[in-house]
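Let me begin by presenting the structure, written as structure tokens, before commenting on it.
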Amino acid sequence: MAEAGLFAGAALRRLRKREGLTQSAMAARLAISPSYLNLIERNQRPLSARVVLQVAEQFDFDPRSLREDEAIGGVDGLARRMADERFADLGIDRDELAEFLSAAPQAAAAFARLFDNAVPAERRDDPTDAARREIERWRNHFADLDSAAEALADELRLSRGDTYAALADRLRERHQLAIRILPREVLPDALRRLDLHARQLQLNEMLDPASRTFQAALQIAALEFRTDIANLAAGPQFADPAARALFERHLTAYVAAALIMPYGRFLRACEATGYDFDVLTRRFGVGFEQLAHRLTTLQRVGQRGLPFFIARLDRAGQYSKRYAGASGATLLESPDSCPLWHAHRAFERPGELLVQAVLQDGAGAAPAHWLTMARIVQGRGGARFVVALGIEARLAGDLAAARGISLRPEDATAIGLGCARCHVPGCVQRSLPPRGAALQFSALEQGVTPFRFAG
């Protein structure tokens, strides 16, 4: 709560009116001048840590309520909602959204609630989409789970030896569970099975070492963090039990990753190596997808990592995972992806990390400039996917993956949110016209693209 730049004038003004105080009376309670309180309420001055503490002490007030923008994901949350095609012609940029959130946070929250409740029925009834919206509301960072997992990692001394052996010891000593590796024909349809009668955690022999470690960590997370995870999952009041189960599954995997890649040590390794993916996967004994997930979670107050987004695609370009985290990315808001994005080419180039600078069509607003990195991964049962990471190009200069890549906007590949939502002109790969665009036709010539439209 002591972060610099906490503008919460509207929340403080509501608190004062609720208490029936004048500005002078409240200023006296907070030991500040009325003029300073006036500036705070008008968001012309941020709240200092001392004032936040005074508010909590004088009014028995939870200071977390001052960060009411967190409930809608801040400016990033509003930007994701404004990326909807219904607002494409308005050209609303992040500066306008920041002003809206600062000047009228309750109105912004009302808009967010109305938008979320007005999603199409097929999305509202989709448990995967409901779980994803809740993950995005948290920006995929669960501070209490992270801290508890880091403390347990320190207790188990996971940084000083064989992580898999340490996790196996924990399961045996704390839970009386032995790990047994079983042939594939015994577990043809499962990666992991908990046999409480035999007191065994049974793992499929086809799991590679990194996956075996992760499965052991998952089991510890499910056993030792059950209450914490259930309490978090109870908060959203999901209409569909399947959405809650998916959210709980995500939180369990979150804890497992935090055990294997404890926050402080992992962030230090990221910064020391320039976020070198190959080094990090070897150092922590994880796969690329596990690493990619962890990179999107590094948002601890006072100890933040770079804000990555993650996507996982199949050969048809369908997303099976997509989290913007703290990146503010709207690139993932469409169910469709651009065929010019190198993530699609990774299927033909196994083992390679495909790096591409892209300029995302802003649909009336300023285009977003990203550096994206994609690699093929092996899924369950031999399925193949591509996992892509992305970060704002302006933040990518020191990344190991950015070496030799131009980060100038004019050198980036222009892409969109699928053809129906893309207004990039002259694209030879275009298969559909952008929705709402006025198509242009000529009897005298035929262009290289099938659709011409007014900009």
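Laboratory data are not the source of any read-out in this text; all were calculated from the coordinates shown. Everything quoted here is computed from the prediction, not taken from an experiment. So basically every Cβ, Gly included, is an ideal-geometry build from the backbone, and we count neighbours across all protein chains shown.
Report, in debye and to the nearest 20, how large the dipole of the chain comes out about its Cα centre when Lys and Arg carry +1 and Asp and Glu carry -1 on their Cβ. Don't skip to the end; give the middle numbers.
On the way: 59 positive and 56 negative charges, 89 e Å.
Charge dipole, the chain, about its Cα centre: 420 debye, nearest 20.
Which value results when the Cα radius of gyration for the range 191-328 is divided by 2.2 N^0.38 Å? Working shown, then result.
Values: Rg = 16.1 Å, N = 138, 2.2 N^0.38 = 14.3 Å.
Working it through for the range 191-328, the quotient is 1.13.
Largest first and in whole Å, what are the equivalent-ellipsoid semi-axes of the chain based on the Cα gyration tensor, each being the root of 5 times an eigenvalue?
Numbers: eigenvalues 275, 243, 82 Å².
Here the semi-axes work out to 37, 35, 20 Å.
Explain nothing, just the number: dipole magnitude of the range 143-260 about its Cα centre with +1 on each Lys and Arg Cβ and -1 on each Asp and Glu Cβ, in debye rounded to the nearest 20. Write out the running numbers ahead of the final one.
On the way: 14 positive and 17 negative charges, 68 e Å.
That gives a dipole near 320 debye.
Read phi for every residue in the range 281-290 and hand back ³J(HN,Hα) as whole Hz from Karplus 6.51 cos²θ - 1.76 cosθ + 1.60, θ = phi - 60°, with x for Gly and Pro.
Residue by residue, the range 281-290 yields 5, 6, 5, 9, x, 10, x, 5, 5, 4 Hz.
Using alpha carbon centroids, what distance separates the range 280-314 and the range 348-403, in Å?
So the separation of the two Cα centres works out to 13 Å.
Average the reciprocal distances over every distinct pair of alpha-carbons in the range 245-402, invert the result, and give the Kirkwood radius in Å.
Values: mean 1/r = 0.0621 Å⁻¹.
Hydrodynamic radius (Kirkwood, Cα pairs) of the range 245-402 is 16.1 Å.
How many nm is it between the label spots at residue 143 and residue 29, if each spot is 7 Å from the Cα in line with the beta carbon?
In this crude spin-label approximation the distance works out to 2.4 nm.
Output wanted: per-residue J couplings in Hz (rounded whole) for the range 24-35, from phi through Karplus 6.51 cos²θ - 1.76 cosθ + 1.60, θ = phi - 60°, x for Gly and Pro.
5, 5, 5, 4, 5, 5, 8, 6, 10, 7, x, 5
Taking only the alpha carbons of the range 143-260, what extent do you get along each of the three principal axes, in Å, biggest first?
Principal extents (largest minus smallest coordinate, Cα): 40, 35, 25 Å.
Using +1 on the beta carbon of Lys and Arg, -1 on that of Asp and Glu, and nothing else charged, what's the dipole of the range 295-441 about the Cα centre, debye to 20?
Details: 17 positive and 10 negative charges, 88 e Å.
Charge dipole of the range 295-441: 420 debye, to the nearest 20.
With a cut-off of 8 Å between alpha carbons and a minimum separation of six or more residues, what is the relative contact order of the chain in percent? Before the final figure, lay out the partial values.
On the way: 675 pairs, mean separation 53.8, N = 455.
Computed value for the chain: 12 percent relative contact order.
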